[in-house]
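Data block below; observations after.
The values are calculated or read from the model by the stated rules, or taken from the named source; none is laboratory data. Since the model is a prediction, treat every value here as computed from it, not as a measurement. Reconstructed Cβ throughout: ideal geometry from the backbone, glycine too, with neighbour counts over all protein chains shown. Remember, those area values only see protein heavy atoms, side chains included, never the ligands or the DNA or RNA. Shrake-Rupley method; radii C 1.70, N 1.55, O 1.52, S 1.80 Å.
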Amino acid sequence: MTLDPTLRERHQTLCRAIERHNYAYYVLDAPELSDGEYDKLFQELRALEAEAPELQTPNSPTQRVGAPLDERFEKVRRAARMYSLDNAYDADELREFDRRVREGLGDTPYAYVAEPKIDGASIEVTYEGGNLVLATTRGDGETGENVIANVRTMRALPLRIDDARRWTLRGEIYIRTMDLEAINAQRQARGEAAFANPRNAAAGSLRLLDPRVTAERPLRVAFYDLVETHFESHQAMLAALAELGLPTHREERRCASIDEVLAYIGDFDRRREELAYETDGVVVKVDALDQRTSLGFTARFPRWATAYKYAAEQAETVLRAIECDVGRTGALTPVAHLDPVSLSGTTVARASLHNLDMIADKDIRVGDTVRIQKAGEIIPQVLGVVMEKRPTDSTPWEPPTVCPACGTPVAREEGVAALRCENPACPGRLKAGLWYFTRRGAMDVDGFGKSLVEQLLDAGLVADLADVFNLHTKRDAIVALDRIGDKTVDNLLAAIDVARTGRTFDQLITALGIPLVGSVAARLIAERYPSIQAMLAAEPTELQGELAAIHGIGDKIAESVSDFLAGEASRALLQKFEDHGVTFVQRERAVVEGPLSGMSFCVTGTFDRKRDVIHAEIRAAGGTVHTSVKKNTTYLLAGAKVGAKKTEAAEKKGAKVIDEAAYRVLLAGGATAAAPDGEGQSESDRDGETNSEPEGPNVEQLSIKLDG
């Protein structure tokens, strides 16, 4: 049966009207209809789709209520990396940024756009053919999680735009201060913990496994960047987004000089408390997009933008007690218990004192009135003591002599500012380790709050980290815990199953909490030992030597990993992960084409830049990096103070030795690498296939002679 054209036309009219009113209400804060009138339009649309189901599409406003529960988030590698911003904290640092921009652009006139730095969660969304097709979290900058089902629930975001080109937009998901207060009131009424701040609420809502819950959260978005170059300037781009009905902050100002930027920063600081959302600074960007291309990027930041951060808010309160938290490695961290005080939109009652030396240096005592602030407006910290308010009977604080969690005597290593519990079975260490194990930067298991961790340990449902993956056999016992319902347990077990087979091996290494091993070192280790069995099969001394030779690992980290694997309990724990069916996906390396494609480098000696920066530059240009000279190393890039062993290894294995000037020629595309005869070839080369290479200067001309 053919659909009546008038029904389709009415459906399109209703969709456009509802989206227009969503924009007026959620973005412009200027509603054009009463709630009742809006509801009538929405009810008519529902009735029309019920009459003609073929009209209902994923982009219909009726579909914002949220799709059914999704078991996992797909990982998406983005076409253009999402960089972080460098920070400036005063006028001098901002003028230094301006100096670098001026030098980078030469005599070319330039201007800036200054705009608010909204305190929320980063998001990237894509429209194709006018339709919203993808939404990803920030992730590690190169790869994010596809949260399109959750983002579709946001009424502040149009599901369609009137432009068929591809639009890859970046912005900030946030929750207004007043909305957070309402959410927290509801959560506390249900006996749930309140969100600490709008940023946590926004980020948590964005990654909920059930979009129907996300639909209940009043999330909003402000876009501030476009990956595609549809425009010549940032300001023109923002104006176009507004015309398309895409939400922006609407607070930008074009500034012809750094003095005008500083004036904007002062003006904005005076009125940012009046905004409906939280901000912690101002982002300053070069306006012209072609000038951004000229300025380029460092390994971590764009050279054409910086974030000016306002000074953290401070407050005074009374320190009532000092207690020690036990960390996953056994380190005891002193924590100040304070009279609750409002600071940067949240109530602060605890603050880290970092270590024993800090307490002694600042002479912090129980009963003191102290000044506190939030470092980066997130972590509360004690700045110092208000000495004129110190009680006359105060005495210096005495550190504990035994672990507060297990009673084991604690020791302080020479030259280390921390006490340590050496008991591997300490419940405090296990609690902290389990909390860290499930965090996003580690095994990323949704649903593990601190309260649940404590309950699982108190009930004896977990005795070590691997027991997380055996909780599906204890469902009834988990449901019986305080404030844990059937739905919560099902979501938790689903998240555990996702982690069981959907994590990379370096994530497990990070999650184990091996001293000195963070995510960067874990990735380097996993490249050499890509599985549990590979690590267990290695002799500890052999493993230590091989890891120490990896650039970025070094002797101390290698020794720490070797010591961990030498312990029977550690080896049993690793085997237990396999017994519980934990497997790992291989981390994919991005295939990058560039002037260094097909070339491999070992970088040695000293340079004006950090080696990590040079490594990142090589990879970004399509090359690969070896931490030592191998048979297939094309070039040994040698800086100052090069040791004889590296150059001898290069000569023996056929790698060419070049200096940084010759490297720059390669990077500019002025020469291509010819692999040493019989060595350094790819698998396809050895199978008889050849790669056509454009001619360039003789590689011998690029090499340098090094003495000893």
*asked:* Every residue in the stretch 641-658 that is out of contact with any Asp or Glu (no Cβ under 9 Å at 6 or more places or on another chain) and open to solvent by 50 Å² or more (accessible area, probe 1.4 Å), please.
replied: 641, 645, 646, 648, 651, 652
_Can you find, within the stretch 283-304, the residue that is most open to solvent (accessible area, probe 1.4 Å) among those that are basic (Lys, Arg) and touching a residue at least 60 places away in the same chain (Cβ under 8 Å)?_
300
_Quick check on the stretch 324-347: of everything there that is more than 29 Å from residue 433 (Cα to Cα) and either touching a Gly at 6+ places or on another chain (Cβ under 6 Å) or polar (S, T, N, Q) (or both), which residue is surrounded by the most Cβ atoms within 10 Å (Cβ to Cβ)?_
344
_Residues to consider are 169, 219, 246, 208; find the one that is of a type outside the set (Ser, Thr, Tyr) and more than 19 Å from residue 59 (Cα to Cα)._
208
*asked:* Condition first: touching a Lys or Arg at 6+ places or on another chain (Cβ under 9 Å) and without any contact (Cβ under 8 Å) to a residue 24 or more places away in the chain. Now tell me which residues in the stretch 265-281 satisfy that.
replied: 267
*Does the stretch 512-520 contain any residue that is open to solvent by less than 10 Å² (accessible area, probe 1.4 Å), under 26 Å from residue 424 (Cβ atoms) and part of a helix (DSSP H, G or I)?*
no
*asked:* Out of the residues in the stretch 418-440 meeting the condition of being among the hydrophobic types (A, V, I, L, M, F, W, C) and open to solvent by 40 Å² or more (accessible area, probe 1.4 Å), tell me which one is farthest from residue 572 (Cα to Cα).
replied: 435
*Would you check if there is a residue in the stretch 305-323 being at pLDDT below 90, open to solvent by 70 Å² or more (accessible area, probe 1.4 Å), farther than 30 Å from residue 433 by Cα and of a type outside the set (A, V, I, L, M, F, W, C)?*
yes
_Candidates 462, 498, filtered to the one that is open to solvent by less than 40 Å² (accessible area, probe 1.4 Å) and either part of a helix (DSSP H, G or I) or touching a Lys or Arg at 6+ places or on another chain (Cβ under 7 Å) (or both)_ = 498
_Odd one out for residue 26, checked against (1) at pLDDT 70 or above; (2) among the aromatic types (Phe, Trp, Tyr); (3) under 30 Å from residue 305 (Cα atoms)_ = (1)
_Quick check on my filter: what residues within the stretch 410-459 are on the phi > 0 side of the Ramachandran plot and at pLDDT 80 or above?_
444, 447
*Can you give me the number of residues within the stretch 465-490 that are in a helix (DSSP H, G or I), farther than 18 Å from residue 501 by Cβ and not acidic (Asp, Glu)?*
8
*Kindly indicate which of 159, 180 is among the aliphatic types (A, V, I, L, M) and either surrounded by fewer than 22 Cβ atoms within 10 Å (Cβ to Cβ) or modelled with pLDDT of 85 or more (or both).*
159
*When residues of the stretch 244-282 are filtered for being assigned to a strand (DSSP E or B) and surrounded by fewer than 19 Cβ atoms within 10 Å (Cβ to Cβ), how many remain?*
2
*Does any residue in the stretch 442-454 that is under 12 Å from residue 497 (Cα atoms) and open to solvent by 30 Å² or more (accessible area, probe 1.4 Å) come within less than 6 Å, Cβ to Cβ, of a residue that is among the aliphatic types (A, V, I, L, M) and at pLDDT 85 or above six or more places away or on a different chain, and which pairs are these?*
446/495
_Filter result for residue 469 (buried (at least 19 other Cβ atoms within 10 Å of the Cβ), more than 16 Å from residue 328 (Cα to Cα), of a type outside the set (Asp, Glu) and touching a His at 6+ places or on another chain (Cβ under 6 Å))_ = yes
*Restricting the search to the stretch 118-152, which residues are in contact with a strand residue (DSSP E or B) (Cβ under 8 Å, 6 or more places away or on another chain), in contact (Cβ under 8 Å) with a residue 60 or more places away in the chain, open to solvent by 10 Å² or more (accessible area, probe 1.4 Å) and aliphatic (A, V, I, L, M)?*
118, 121
*Inside the stretch 239-248, can you point out the residues that are without any contact (Cβ under 8 Å) to a residue 24 or more places away in the chain and either of a type outside the set (Gly, Ala, Ser) or touching an Asp or Glu at 6+ places or on another chain (Cβ under 8 Å) (or both)?*
243
